[in-house]
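The values are calculated or read from the model by the stated rules, or taken from the named source; none is laboratory data. Quick caveat: nothing in here was measured; it's all calculated off a predicted structure. Note that we place each Cβ from the backbone using ideal geometry, even for glycine, and neighbour counts take in every protein chain shown.
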Amino acid sequence: MNIDKEATIEVITLEDENSSRSGRQELVSNPMSVSNLRQQFKEFMSNLQSIIEEDVEANGAFHLSEVQFSAEITTNGDFKLMGTGIGVEGKSAVTFTLNRRQ
């Protein structure tokens, strides 16, 4: 008997601040749907792409050839861009490097 099981991936995140009575946050493992993560990733990348698109002619002799950024994956599977000053909590971020096509 073959039962189709949706593919999942385990993502380690910090537990929700509101669920901890001690005030300490602990790491929790959350199984996430691969198809859901794929959809969230596509949406995130599409939004990011709209930010970094540029008109090369409008910027003189220089052009953007590479962009590097870090993101986190929330307990809901959302991708969020990480700003500066994140500190220790940001060490588990996903780092992406995008290169301009030739």
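What to note about this one:
- So Glu6, is it exposed (fewer than 11 other Cβ atoms within 10 Å of the Cβ), at pLDDT 80 or above and more than 12 Å from the chain's Cα centre (by Cα): yes
- Complete set of residues in segment 78-94 that are modelled with pLDDT under 85 and part of a loop (DSSP other than H, G, I, E, B): Met82, Gly83, Thr84, Gly85, Ile86, Ala93
- Every listed requirement among (1) hydroxyl-bearing (Ser, Thr, Tyr); (2) modelled with pLDDT of 85 or more; (3) loosely packed, with under 11 Cβ neighbours inside 10 Å is met by Ser19 save one, (2).
- Residues located in segment 55-77, provided they are surrounded by fewer than 10 Cβ atoms within 10 Å (Cβ to Cβ) and modelled with pLDDT under 65: Asp55, Glu57, Ala58
- Qualifying residue in segment 38-52 (condition: part of a strand (DSSP E or B) and modelled with pLDDT of 85 or more): no
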